[in-house]
Amino acid sequence: MFEPRYTISSQLLANLKRIAVLTAELNAQPFPQVVLLRLEQNAREVSAFASTSIEGNPLPLTEVKRILKNRPENVRDSEREVLNYNAALISLEKLLRRQPVKLTIPFVCRIHRQVTRGLLPASQSGKVRQEPVLVNDPRSGKTVYLPPDHEDVLSLLKELLDYVQKNRATLDPLLLAGLFHKQFVIIHPFLDGNGRTARLLTKGLLASMGLNTFNLFSFENYYNQNVTKYFRLVGLQGNYYDLKDALDFTPWLTYFTDGLVDELLRVGKELQRQRMTPKTALRAHDKIILASIDEHGYITDKVYAGLTERAKPTRHLDFQRLIALGLIKKEGKGKATYYTRVTS
């Protein structure tokens, strides 16, 4: 039975409270759609770069962006790692728009298969390992950890997934996601690709538990800024069976939530900066539309025509621009069309 040991320290508690405030603030603000789409794309690029870089992928961010924009004709393994991670992120985002993530063995294997497609033999990709494995430091190449025996892996993984399912309604979602992340890495259920799979599943778990801004940030980037510290805190050094009974998750949970605070602050600043670009800044006629809506609750094209000398096709573009910016929405049809504010 998986029963993790940890303490809600003052720093951990402060992090949990701050994340709740930052998330609520971001979720409460209507941001232009064009800005959100731009940040989503950037977050995927940074995540694909950082999560593969953590494992030793040598490609710089500029090259990762180029590969994701224009897929090479002959793909090297380093490029395939990036493409796979990006594809898995997109697939996860689409799934989360329809339903929350429920962690099951088949779903975990599905994510691993996406991450390792073309990088591992078919007998290993998406398959829980059936043989022993050593964990080497990707920077030094030295063996640093002996994971659980392969005979124990499936039962340990089931215990972890059962723990997540049973505690979703009672345990703080940030703690639950952090506990899952570390224990998954410790179990090391696959021959390769465990770190990338763990980070993807953790992102999905956070999003399905209410962190709505998950697709705008990249906590992988925080880990990649100090890979040595990440590996020291997320994994173990030594033999699993010698260490498991004395394992304390507190240092990792503090670091895990530190990363979320850091990324949420960065995203908040970036959203505000992007919001004020020339493409998204409000113009005089935009303000006329919004002021009329604020005063009357809605506006029609006929009303807008009386407030401006702009031609009908131009007025239509004005409405479409504010819709694209996420500030207004279209209601009704035909001659009964009117526009209202987007509320959070």
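Within region 150-170, identify whether any single residue is more than 18 Å from Val101 (Cα to Cα) and touching a residue at least 60 places away in the same chain (Cβ under 8 Å), and answer yes or no.
So in region 150-170, the residues more than 18 Å from Val101 (Cα to Cα) come out as 150-156.
Imposing the further condition that a residue be touching a residue at least 60 places away in the same chain (Cβ under 8 Å) reduces the set to 156.
There is at least one residue in region 150-170 that is more than 18 Å from Val101 (Cα to Cα) and touching a residue at least 60 places away in the same chain (Cβ under 8 Å).
Do you know which residues across region 245-256 are out of contact with any His (no Cβ under 9 Å at 6 or more places or on another chain), touching a residue at least 40 places away in the same chain (Cβ under 8 Å) and not charged (D, E, K, R)? Listed by number, the residues that qualify are Leu247, Phe249, Thr250, Leu253, Thr254. Pairing each residue of region 287-302 that is in contact (Cβ under 8 Å) with a residue 40 or more places away in the chain with any residue that is assigned to a helix (DSSP H, G or I), provided the two are 6+ apart or on different chains, yields C-beta distances under 8 Å for Ile289/Tyr304; Ile289/Asp318; Ile289/Phe319; Ile289/Leu322; Leu290/Leu322; Ile299/Ile289; Ile299/Ser292; Ile299/Ile293. The condition of being surrounded by 15 or more Cβ atoms within 10 Å (Cβ to Cβ) and under 26 Å from Asn167 (Cα atoms) holds for only one of Val101, Val115, that being Val101.
Go over the candidates Leu191, Leu160, Leu179 one by one and state the one that is farther than 25 Å from Gly118 by Cα and out of contact with any helix residue (DSSP H, G or I) (no Cβ under 6 Å at 6 or more places or on another chain).
On inspection, the qualifying residue turns out to be Leu179.
The set of residues from region 280-329 being over 21 Å from Pro32 (Cβ atoms) and touching a strand residue (DSSP E or B) at 6+ places or on another chain (Cβ under 9 Å) comprises Gly297, Thr300, Asp301, Val303, Leu307. Selection of first residues in region 95-118 that are closer than 23 Å to Ser78 by Cα and of second residues that are surrounded by 16 or more Cβ atoms within 10 Å (Cβ to Cβ) and hydroxyl-bearing (Ser, Thr, Tyr), restricted to Cβ pairs under 6 Å at least 6 apart or on distinct chains, gives the following pairs, ordered by first then second residue: Ile111/Thr197; His112/Thr197; Arg113/Ser125; Val115/Thr197; Thr116/Ser125. Examine region 58-66 for a residue that is in a helix (DSSP H, G or I) and touching a residue at least 24 places away in the same chain (Cβ under 8 Å), and state whether such a residue exists. No, region 58-66 has no match at all. Can you find, within region 214-244, the residue that is farthest from Arg44 (Cα to Cα) among those that are in a loop (DSSP other than H, G, I, E, B) and free of Cβ contacts under 8 Å to residues at least 24 places away in the same chain? Among those residues, the one meeting the criterion is Asn226.
Annotation: of all residues in region 197-213 being in contact with a Leu (Cβ under 9 Å, 6 or more places away or on another chain) and outside any helix (DSSP H, G or I), the one that is modelled with the lowest pLDDT is Asn212.
Scanning region 136-151 for residues that are at pLDDT 90 or above and surrounded by 14 or more Cβ atoms within 10 Å (Cβ to Cβ) yields a count of 6.
Selection within region 269-290: residues that are buried (at least 18 other Cβ atoms within 10 Å of the Cβ) and either at pLDDT below 75 or within 25 Å of the chain's Cα centre (by Cα) (or both). The member of this set that is farthest from Leu12 (Cα to Cα) is Thr280.
Kindly establish whether Phe190 is touching a residue at least 24 places away in the same chain (Cβ under 8 Å), farther than 23 Å from Asp248 by Cβ and either assigned by TED's automatic domain parsing to the domain that holds Leu96 or of a type in the set (Lys, Arg) (or both). Explain how you work it out, then say what you get.
Values: touching a residue at least 24 places away in the same chain (Cβ under 8 Å): yes; farther than 23 Å from Asp248 by Cβ: yes; either assigned by TED's automatic domain parsing to the domain that holds Leu96 or of a type in the set (Lys, Arg) (or both): yes.
Yes.
Please determine, by comparing only the residues of region 219-256 that are of a type in the set (S, T, N, Q) and at pLDDT 95 or above, which one is surrounded by the most Cβ atoms within 10 Å (Cβ to Cβ). Even if it seems obvious, please write down each step before you answer.
Quick first cut of region 219-256, residues of a type in the set (S, T, N, Q) only: 221, 224-226, 228, 237, 239, 250, 254.
Now narrow it down to the ones that are at pLDDT 95 or above: 239, 250, 254.
Details: Asn239: 12, Thr250: 15, Thr254: 20.
Here the residue is Thr254.
Screening Ala24 on (1) free of Cβ contacts under 8 Å to residues at least 40 places away in the same chain; (2) surrounded by 16 or more Cβ atoms within 10 Å (Cβ to Cβ); (3) of a type in the set (Gly, Ala, Ser) shows it passes everything except condition (2).
When Arg310 is tested against (1) more than 25 Å from Asn215 (Cα to Cα); (2) part of a helix (DSSP H, G or I), exactly one condition is not met: (2).
The values are calculated or read from the model by the stated rules, or taken from the named source; none is laboratory data. Quantities reported herein were computed from a predicted structural model and do not represent experimental measurements. Cβ coordinates were reconstructed from backbone atoms using ideal geometry, including for glycine residues, and neighbour counts include every protein chain displayed.
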